[in-house]
Structures are given as C-alpha cells and as structure tokens.
Amino acid sequence: MASPLEPISEIHILWLNAGLSCDGDTIAMTAGSQPSIEDLISGAIPWTPKVHLHNAFLAMENGDEFVKYFTLAVEGKLGPFILVVEGSIPDETNKPDGYWATFGTDPQTGQPIKTCDWIDRLAPQAWAVVASGTCAAYGGIHAMEGNPTGCMGLPDYLGWTWKSKAGIPIVCVPGCPVQPDNMTQTLLELLYAASGYAPMIALDQALRPKTLFSQTVHEGCDRGGYYEQAEFAEEYGSRLCIVKLGCWGPVVQCNVAQRGWMGGIGGCPNVGGICIGCTMPGFPEKFMPFMDQPPGSLLSSSAVMTYGRAIHALRRFTQASLNREPSWRKKPKIPARVPQ
Ligand code: SF4
Ligand code: SF4
Ligand code: SF4
C-alpha cells in the first residue's frame, strides 16, 4: 500500500452505491464542470494520476465483469484505490436473518454479498475513503428515527476518528444530492494529494472540506440584501428573502448559493427554493417540518425589522440623490445664436 509520501501515478476509484441510496449523487456529479468527470478520468488535468473510475451507473461493464474490480481490490491485486461510498449503510445485525443491502454474488456460496461486508473488506485497504452525499456522510433521509434498517453514515459505521492506511480521515462531501462540483473538486484535490502535488484536504469537525463548507448559505445568497432590509416574501414567486417560508440558510453550511448548481447557475435560495439544511449532520429531522419558518429566525427576522425598514427608507433618499448629477455639472444654457 502506498503511503502519502509515495506519489501515486495510477489510481482506481471504486464507487460503491449499493447502500441505501437513490443514486442521486452519481447522477448529480455528471453535471460537474469544475472539473468534469471527463476531465478527471481523461488525463486532461496536469499532475494527477491516471484514473480508473468504477461506478455502476457510468461503467460499460455490468454484472460479474463490473464486480471483478472490487473483488481484485479485496484480494489486494488492484493497486491503490479511493473508495467512494454513496448511500447510507444499514445495520445488518439488527435482525435474525436476511439483509438490507447487497452488491454482487459470492461465487462460492451463490449468496448476495452484503454492502457492509464490502466496506469491511475494502476500507482497510483503501488509500482514502470518501462519503458522497448526506446519506453516506451522516445517514440522511434513510436514517430518520424509526426506520427499520438502523442505517447510518460512514463515520458512524467506521468511527469518526477512523483513518485510512495512508493516514487520511474519512472525507465527507454532503448534500442531498451532493453539489456536482463539490464532489469532483474533492476528488481532484485527493488526486493531487495522491500524486504528491498538494497537501491533504483540511476537514472540519463534521469531516467536510473546510474550503467548501465554512460559509453559510446566507453569506452567499443573492437574496441577502432583502433580508438585511427586512423585505420578506409571504408567498413563493417573489424575489424577496424567503426566510419566512422556511429557509434555514442563515445557519446552514453550504456553498450552493455561491457556486450555483450547474455551470454556476441556480443554487437553492437564489432561484426561490428554501434551504432545508441538506448538508448538515442534523438533516432531515432537525429541519422539519420543512416549509415552516425556522424557530430561530422568528427572533432574528423580528430584530432586523426594527431597523431594516427604517434603513431602507433612508437609503431611498440617498438613492434619489445619487440618481441626480452633481449641481456643478449644470452648465448655463448656451445663448441662442443670432442670425447674421
Ligand atoms: Fe439520494 Fe440524497 Fe441519499 Fe444522495 S444523499 S443517496 S441524493 S437521498
Ligand atoms: Fe438568507 Fe435564506 Fe433569505 Fe437567502 S433566502 S437571504 S439564505 S434567509
Ligand atoms: Fe441543501 Fe440548503 Fe445547500 Fe440547498 S442551499 S443544497 S438545501 S444545504
């Protein structure tokens, strides 16, 4: 196994989307452009290792032809690899028999192989492990209270202090689904680290890349000016701030309002969708019921109202003045020419 100090020239990405998943993160990632998947795997980006991506949705192979790469990795015959997990991981110990999620078939027994068993065998051999989407990171929608699967995210499954053989913590890229460029950029940064051209990504306490998840939605939202002036929408279809319609942006760490969704366009509140906190470990329960005004914002929006409207009115005076030319530019009228 290569250490972080040994530059890697060729690497596999084993993408396991056989947990409790809707596969939305893979589908979202096809919209990435900074960089695109094609950029990552075609060698178009200098100083990155040669990449072999194995993702069931994007692969040409299927059935045993596809599963063989995962089997080779378990046997230690594939070479360095990054394990990407998409979807939450069920608790296979919480029932007397049966299984919640599987991937491939054991040729010896003819029985399906549990997704958990794949993770147990692959994670200890991986150069790095990445959780793609909120389900894989923190359990997400499938891990809501009362679900029978007892499912969880990778840090709960492997342990929050778990590190790969190369000494790398689990890297979580949450979002439901993950923002496309956040996922491809994280992979790119890991590839740079693998080739020895960059340090390891700095992560926050929830194991998210700090560069992507330090700021709140509110800090990058197109509607922030309306919030500050206490101009709140009462119904959808308005350009005003939508906090009273249920937006949690002021307390949610996500860069979608700045980065957009596809090619820089979109981003939930920018285009009129309330932020429901899908990048946060507390998602979804702590943000429910969706579309109710967040309790904390009752106080903050009331506080803003006390000065926001007055400030807005005063700004109208300033604006009116600024819309007039300075008085010293008023030239005296040119006298009418007297015909000769
Ligand atoms: Fe689907 Fe969202 Fe879970 Fe991704 S995080 S697998 S998009 S439900
Ligand atoms: Fe903040 Fe949401 Fe209003 Fe945007 S729409 S300014 S994120 S509260
Ligand atoms: Fe999720 Fe909110 Fe970010 Fe939209 S803005 S992707 S709802 S965290």
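Read the figures in this text as sums done on the coordinates, not as results from a lab. Not measured: the values here are computed from a predicted model. With ideal geometry, Cβ positions are generated from the backbone for all residues, glycine too; neighbour counts draw on all protein chains shown.
Listed values, structure above:
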| quantity | calculated |
| --- | --- |
| Hypothetical label at Trp162: residues of the range 79-110 whose amide nitrogen lies under 18 Å (7 Å Cα-Cβ projection) | 81-94, 100-103 |
| Mean Cβ count within 10 Å, highest first, over the residues of peptides 309-321, 284-296 | 284-296, 309-321 |
| With 5 Å bins from 0: P(r) over the range 10-212, alpha-carbon pairs, percent | 1, 8, 16, 21, 22, 17, 9, 4, 1, 0, 0 |
| Residues with amide H under 5 Å from that of His52, placed H, sequence gap 5 or more | Ile11, His12, Ile13 |
| Stretchable slack from Lys77 to Asn62, in nm (0.36 nm times residue separation minus alpha-carbon distance) | 3.4 nm |
| Long pairs among Lys244/Lys286; Lys77/Lys165; Lys210/Lys244; Lys68/Lys114; Lys163/Lys210, criterion Cα-Cα beyond 20 Å | Lys210/Lys244 |
| Two-decimal Rg to Rh for the range 92-155 - Kirkwood Rh, Cα set | 1.00 |
| Candidates Ala137, Ala233, Ala194, ranked by Gaussian network fluctuation over the chain, Cα under 10 Å, top entry | Ala233 |
| Burial order of peptide ranges 207-216, 34-43, 243-252 (average beta-carbon count within 10 Å, highest first) | 243-252, 207-216, 34-43 |
| Computed over the chain, the ratio Rg/Rh where both radii use C-alpha atoms and Rh is Kirkwood | 1.15 |
| Cα Rg over Rh - the range 215-323, Kirkwood | 1.01 |
| The chain - mean residue ellipticity at 222 nm from DSSP helices (-39,500 (n - 2.57) per run, n ≥ 4, rounded to 500) | -8000 deg cm²/dmol |
